[in-house]
Amino acid sequence: MVAAAASTDTASTAGLALRIDNISHGFSLEGQRLAVLDKVSLDIAPGEFVALLGPSGCGKSTLLRLVAGLEPADSGNLLADGEPIKGPDPSRVVVFQDPTLYPWRRVRDNVALGLEAQGLLKTHSAKIDAALAKVGLSTFGRAYPRQLSGGMAQRVALARALVNEPRLLILDEPLGKLDSLTRIAMQKELIDLWQRQGYTALLVTHDVEEALLLANRVIVFSDRPASIKAQLTIERPYPRHRDDPYLVDLRKQILGLLGLADNW
Ligand SMILES: Nc1ncnc2c1ncn2[C@@H]1O[C@H](COP(=O)(O)OP(=O)(O)O)[C@@H](O)[C@H]1O
Ligand SMILES: [Mg+2]
């Protein structure tokens, strides 16, 4: 679609409906079968923000990879707006914990990668500036990754995802390596971006508080093989406050579900 650069913020980026239907998946490891996902079903509405929590190694990233179309599931169905997910698509992009920027490319040229891959660089270069503006890095387009802080590098990775105007933004512990102050600032930025852009968001985090601050719904997974242990709908408007007694109470509940109740 050749949309005018200025008007790309609404229709083309509205969220997609995601259906995860009875997904099971595993790997073979040294001749042994490792079951990783056990009959996971989850319906996510257009524009919804869903956070996934669960023990380390339970299968969260694996589920995200399947949703991104990076590998096919062993069994079950994955549907984006009712259509089977058969491979990666620019409408569904992943931001990982590590920003993985090319060190020899300037910020702008890193953000351009998605458009380049689609052969859209010449006609859509205004989108690069728009994406940099969205993450507050307009003046850093010509910088190299080594000249950025960790938080800025992660914002570049976010811009590189946003330039595709995703309808589903998949976030795999995107703030996991940031210091706690940068993390708090970026949690707010993630909410602002999501509210402005309207995409559906699927976030894996190991931070219960982060899940509660960001998501409409929090899914708690069991140990591997991951199955859904609990779902909590977070009935709170944004911006949320971490000392809100409602959230503090939910946090205790979730830590209990994760077997960590005694730690707080
Ligand atoms: N490509 C792979 N081959 C073999 N085992 C894998 C592969 N990817 C992940 N696993 C295993 O699957 C399990 C779940 O991994 P992952 O989805 O990364 O967990 P999480 O993101 O919840 O920490 C782990 O035990 C991991 O070792
Ligand atoms: Mg993971």
Can you name the condition, by its number, that LEU70 falls short on among (1) more than 16 Å from ligand 2 (Cβ to nearest atom); (2) over 30 Å from ARG251 (Cα atoms); (3) touching a Pro at 6+ places or on another chain (Cβ under 7 Å)? (1)
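Rundown of residues vs (1) modelled with pLDDT under 95; (2) within 24 Å of PRO46 (Cα to Cα), yes/no style:
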{"site": "TYR144", "(1), (2)": "no, no"}
{"site": "VAL156", "(1), (2)": "no, no"}
{"site": "LEU162", "(1), (2)": "yes, yes"}
{"site": "ASP172", "(1), (2)": "no, yes"}
{"site": "MET186", "(1), (2)": "yes, yes"}
I'd like the residue in the stretch 74-109 that is part of a loop (DSSP other than H, G, I, E, B) and within 13 Å of ligand 1 (Cβ to nearest atom) and, out of all such residues, is farthest from ALA131 (Cα to Cα). ASP74
Tabulated pairs, the stretch 3-32, first more than 30 Å from ASP192 (Cβ to Cβ) and open to solvent by less than 80 Å² (accessible area, probe 1.4 Å), second at pLDDT below 95 and part of a strand (DSSP E or B), C-beta under 6 angstrom, 6+ apart or interchain: GLY26/ARG33
So how many residues does the stretch 48-87 have that are open to solvent by 20 Å² or more (accessible area, probe 1.4 Å) and closer than 30 Å to GLN147 by Cβ? 1
Scope the stretch 45-80; condition out of contact with any strand residue (DSSP E or B) (no Cβ under 7 Å at 6 or more places or on another chain) and more than 20 Å from ASP223 (Cβ to Cβ); matching residues: ALA45, LEU70, GLU71, PRO72
Only residues in the stretch 52-73 that are modelled with pLDDT of 95 or more count as the first member; pair them with residues that are part of a strand (DSSP E or B) and within 6 Å of ligand 1 (Cβ to nearest atom), Cβ under 6 angstrom, at least 6 apart or cross-chain, and list the lot. GLY59/VAL36; THR62/VAL36
Does at least one position in the stretch 25-44 carry a residue that is touching a Gly at 6+ places or on another chain (Cβ under 9 Å), part of a strand (DSSP E or B), hydroxyl-bearing (Ser, Thr, Tyr) and at pLDDT 95 or above? yes
One residue from ARG242, ARG196 being over 20 Å from the mean Cα position of the chain (by Cα), basic (Lys, Arg) and open to solvent by 80 Å² or more (accessible area, probe 1.4 Å): ARG242
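The values are calculated or read from the model by the stated rules, or taken from the named source; none is laboratory data. It should be emphasised that the depicted structure is a prediction, and the values quoted were computed from it without experimental measurement. Here the Cβ is made from the backbone with ideal geometry for all residues, glycine too, and neighbour counts use every protein chain on show. All accessible areas refer to the heavy atoms of the entire protein, side chains included, with ligands and DNA or RNA removed. Shrake-Rupley method; radii C 1.70, N 1.55, O 1.52, S 1.80 Å.
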